[in-house]
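Data block below; observations after.
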Amino acid sequence: MESRGICLCGDIEFSVRGLSGNIYQCHCSLCRKQGGSASNTGTVVAVEQLTWLKGEEHISSWTKDSGFKTCFCKNCGALVPNQLRGLNYYWIPIGVLENLSFKIVANLYLDHKAPWGVVSSSGTNYETMPEVSEFIKLLDNELHTSK
Ligand SMILES: [Zn+2]
Ligand SMILES: [Zn+2]
């Protein structure tokens, strides 16, 4: 499926195609801070699946010493996709997408979950996270579509 993503203020818009609908939630402490809640919710797609429609120049980013990176709208602070370091993949924050047909297939970093965090009843539970290749497979997005 295809979905459009729009930040809170509307300055930044993008579209993603070839989405399987599979998403994950990460309960690690970094994702908690980044998402401002119990977890953050995302998926991963190949770089060529994403098209910036407008406002790419309004993206600001911050990278932690460890390499953890977050990208957000300069104007409203909403999370926007960011390219995984050294890889041809984009991390997509699901909450900014217009399409709502998604299913949680993985719950990550449950060892680090906040005591008040609620874990989705769907999906595989991981104490930390699986190998990147296994993870990408689980998300099952059409990573190599060139259309
Ligand atoms: Zn914005
Ligand atoms: Zn995380």
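Taken together, the values in this text are just the output of simple stated rules run on the coordinates, not laboratory data. In this text the structure is predicted, and so the values were computed from the model without any measurement. Here the Cβ is made from the backbone with ideal geometry for all residues, glycine too, and neighbour counts use every protein chain on show.
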note = Filtering the range 33-75 for residues that are closer than 23 Å to LYS103 by Cα, in contact with a helix residue (DSSP H, G or I) (Cβ under 7 Å, 6 or more places away or on another chain) and of a type in the set (A, V, I, L, M, F, W, C) leaves a count of 2
task = Please indicate, with yes or no, whether at least one residue in the range 40-51 is in contact with a Lys or Arg (Cβ under 9 Å, 6 or more places away or on another chain) and either closer than 21 Å to ALA114 by Cα or within 15 Å of ligand 2 (Cβ to nearest atom) (or both).
result = yes
Positions within the range 4-39 being in contact (Cβ under 8 Å) with a residue 60 or more places away in the chain, touching a Phe, Trp or Tyr at 6+ places or on another chain (Cβ under 9 Å) and part of a strand (DSSP E or B), in sequence order = ARG4, GLY5, ILE6, PHE14, VAL16, ASN22, ILE23, TYR24, CYS26
Subset of the range 53-66 that is outside any loop (DSSP other than H, G, I, E, B) and either without any contact (Cβ under 8 Å) to a residue 24 or more places away in the chain or within 13 Å of the chain's Cα centre (by Cα) (or both) - its residue that is nearest to ligand 1 (Cβ to nearest atom) = SER60
